[in-house]
Each structure stands twice: as structure tokens, then as C-alpha cells.
1. So what is the relative contact order for region 6-256, in percent, with contacts set as C-alpha pairs under 8 Å and at least six apart?
2. To the nearest 0.05, how large is the calculated FRET efficiency for residue 317 and residue 52 if R₀ is 56 Å and r is the Cβ-Cβ distance?
3. Project the alpha carbons of the chain onto their principal axes and report the range along each, largest first, in whole Å.
4. So how tilted is helix 247-279 from the main axis of the chain? Cα-based, degrees 0 to 90, rounded to 10.
5. Just to confirm the number: angle between the C-alpha axis of helix 377-395 and the first principal axis of the chain, 0 to 90 degrees, nearest 10?
6. Distance in nm between label sites at residue 294 and residue 388, each 7 Å beyond Cα in the beta-carbon direction?
7. Determine the gain in length on full extension of the stretch residue 302-residue 248; use 0.36 nm per residue of separation and subtract their C-alpha separation, reporting nm with one decimal.
8. Could you tell me whether region 292-347 comes out rounded, prolate or oblate from its Cα gyration tensor? Rule is a ≥ b ≥ c as square roots of the eigenvalues, rounded for a/c under 1.5, then prolate if a/b exceeds b/c, otherwise oblate.
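Since every read-out is calculated from the coordinates, none of them should be taken as a lab result. Source: prediction; values computed, not measured. No Cβ is skipped: glycine too gets one built from the backbone with ideal geometry, and neighbour counts run over all protein chains shown.
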Ligand SMILES: *Cc1c(COP(=O)(O)O)cnc(C)c1O
């Protein structure tokens with residue numbers, strides 16, 4: 001097998017890339033996969049090489065053949081100049097903000113961003129002299145009016161965590177760039193396979209590899225890809241922080257990469273089937289899923305995205321808390337827990353009214369987030385159907 005040329009890396013279609021990128025059969029001594037390289041010390045052949053600083057690998061914190069294979073593959077599918085790897089998705093958010101911001105700067109953050117990211121902004125960034133202002137995720141070109149002279153970064157997440165508002169990222173990016181601000185995006189929901197961040201004006205794109213890249217709920221990983229303008233500064237920031245992911249996690253993420261498109265496409269298919277089924281249920285007030293034609297974010301989603309993932313939300317008609325608990329507690333297949341994007345289905349109640357500050361979220365009923373797994377869709381419907389029966393029984397006071 002020939003080594004992939006740079007021309008081939010660009011020419012090949014996404015499924016071929018996912019199979020062949022980041023593999024160096026020579027370095028793996030003929031084995032198909034790059035092994036998990038473990039190590040701190042890297043040896044130099046002589047003093048001249050040691051002093052030249054030209055050896056590719058120099059120390060464990062600066063990368064290994066395993067992490068290099070993963071970051072090169074990720075950069076190629078993201079259309080990025082380079083990618084940094086860190087031990088979790090939240091660490092990737094932290095690193096991207098540390099790359100873009102300095103003391104005295106102002107950050108504009110989507111009100112629908114992943115909640116733990118808000119905590120980092122409101123506590124740590126604040127302590128370091130960076131002020132955060134939250135904005136309506138649907139602001140579009142209106143972001144311009146919120147920019148201050150010291151606004152150095154605009155953070156987007158589309159669709160938003162839990163509430164799934166679709167943002168007009170090209171419009172926001174154009175306004176941010178016109179004033180010299182960096183655009184940071186949490187692209188975990190779509191992954192680079194369904195939304196090309198850098199082609200839409202994003203400078204630093206965050207992915208929680210914990211979700212679809214892993215696909216098996218067995219690792220934590222974060223990736224930050226950058227365009228040519230921002231990669232040198234990202235690289236410097238990450239090298240100084242010295243927080244590489246563990247070798248086994250990088251290895252497992254590379255393994256996940258091989259099947260990521262197949263799993264995502266299946267999650268998309270399953271989620272759409274379940275979303276349509278739920279939308280027709282009498283207990284459901286609204287299904288929030290950007291790929292549904294009546295979703296408020298549908299037009300922008302259709303313009304900018306090439307697919308939808310397996311994560312969506314549901315607003316139930318008003319029901320008491322204990323009835324929703326009766327529905328969820330008895331589920332056979334749906335697990336209840338944080339994270340998502342694994343092979344197994346998850347469901348979790350959520351309430352974003354508690355932490356929003358720039359917008360008021362009033363869904364009008366209990367809200368549930370569903371991550372659809374690879375189980376048979378009919379079994380999943382039957383599980384939820386029995387759940388709805390428990391909900392009705394509890395409302396009627398029979399439970
Ligand atoms: C899960 C998640 C993260 C954080 O990833 P971890 O690896 O769990 O730290 C960041 N952003 C989004 C949108 C997520 O869903």
C-alpha cells in the first residue's frame with residue numbers, strides 16, 4: 001500500500017479519508033493500526049540532533065505518533081491547518097478561550113452554550129481579567145451592535161446545548177472578523193462531517209471527542225482545530241499548558257474515527273425516525289430537531305449543514321415532575337446520564353431556564369434530551385410507549 005499523498009488526502013471523499021488518514025503502515029511495522037505510543041522520554045541519536053530542535057518527537061507532552069496520527073486526520077476532515085488534542089471536551093473549550101483571550105479582553109458567549117463553559121467564563125476567566133457577556137444565540141448580524149472595542153472573541157455553539165437553536169455562524173463570523181475578533185465554535189453536535197467549521201468562518205473549532213468520535217462512552221477527549229491564522233497561537237498555548245490526552249484514549253479515538261461516519265449516519269436515521277414518531281404523540285408539545293421542516297432553525301441548518309446527529313430534545317405537554325419521573329425511571333433501554341453520542345440510547349430531563357441570562361427560555365412543559373443509539377428503533381419506541389403509559393397513569397393518580 002502506498003502512503004497517501006497530500007493530493008490524495010484532499011481528493012478522497014470523506015468515507016475513504018476516515019479509513020486511510022492517520023495511518024502510517026511503515027511506522028506501525030506493517031500492522032494496520034498505529035499503536036498507542038506511551039512515553040515521556042524520546043531519545044536523540046546525537047548532540048547535533050538534540051541541539052537542532054528538528055527531531056519530530058522530542059518529549060511525551062509534545063505529542064506521539066499516536067496523537068499525531070489523530071490530529072492530522074482530524075485536521076484533514078475539518079479543513080484545518082492543525083489540531084490540538086486535550087483530555088476532555090471541556091478542556092478543549094478552555095484551551096480555545098485561553099488561546100483567543102488576554103486580560104482586559106471582552107468575550108461574547110452564546111446564551112445557549114454548554115453550561116460548564118459558562119462556569120469557566122464566569123469564574124476563571126473573570127478572575128483573569130476577561131469579561132464575558134452572553135448574547136441571544138439567534139442574534140445573527142445583530143452581534144455587531146454588541147461588539148465593544150475590546151471584544152476579542154465570539155463563542156458560538158450551533159445547535160445550542162439542550163435547546164438546539166441554530167446560529168447563523170457565517171453572519172456572526174463576518175461581523176466578528178470585521179472588528180478583529182476570533183470566532184470560536186463548539187462543533188460537537190455536527191462534527192466536521194456534518195458542518196465544516198473553518199469553511200464557515202470559524203477560527204478555532206472545538207469538538208468533544210468524548211461523543212461521536214469515541215462512539216462507545218469509554219473515553220474522554222477534546223480536539224481544537226484551527227485555521228492557518230490561529231494554529232500557531234493554539235499550538236503555543238497547548239504546548240505551554242502541557243495537557244496531552246492519555247495514549248489509550250488517543251488510540252481508541254483513532255479507532256472510533258474509522259466508523260464515525262457510519263455511526264453518525266445511522267444515529268441521524270434513527271433520530272429522525274424517533275423524532276417523527278414523537279412529534280405525532282399526544283403527550284408531546286414539540287420536538288426540537290433542526291432537520292425537521294417545522295423547526296425554527298431548519299432553514300439555516302439546511303443551508304449550512306450536511307446532516308443531523310442523533311441528539312435532539314422534546315418538550316412534553318405540561319405534566320407534574322413525579323409523572324415525568326415515573327416515565328423515565330421505568331425505562332428499559334434508555335439510560336439516564338450525562339454525555340451522549342455513544343452506541344447506547346440515553347434520555348435526560350433538563351432545564352435551561354435556570355442558567356440563561358441573555359434570553360428567557362420558556363418551553364411550556366417538561367423538557368427531555370434524547371441521544372439515540374443503535375438499538376432497534378421499534379424496541380426504542382416500545383420502551384417510550386410504555387413510559388408514556390406510566391406518565392399518564394401517574395397524572396391520573398394511579399401511580
Ligand atoms: C459533552 C460536551 C462537551 C464537553 O465534553 P467532555 O469531554 O465531557 O468534557 C463540550 N461541549 C458540548 C456541546 C458537549 O456536549
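1. Details: 471 pairs, mean separation 59.5, N = 251.
It comes to 24 percent, rounded to a whole number.
2. Details: r = 69 Å, r/R0 = 1.23.
That pair, residue 317 with residue 52, gives E of 0.25.
3. That works out to 81, 53, 36 Å along the principal axes.
4. 20
5. The angle comes out near 50 degrees.
6. About 1.5 nm separates the two model spin labels.
7. Working: separation 54, 0.36 × 54 = 19.44 nm, distance 3.69 nm.
Stretched out fully, the residue 302 to residue 248 stretch lengthens by 15.8 nm.
8. Numbers: a/c = 3.82, a/b = 1.59, b/c = 2.40.
Here region 292-347 falls in the oblate category.
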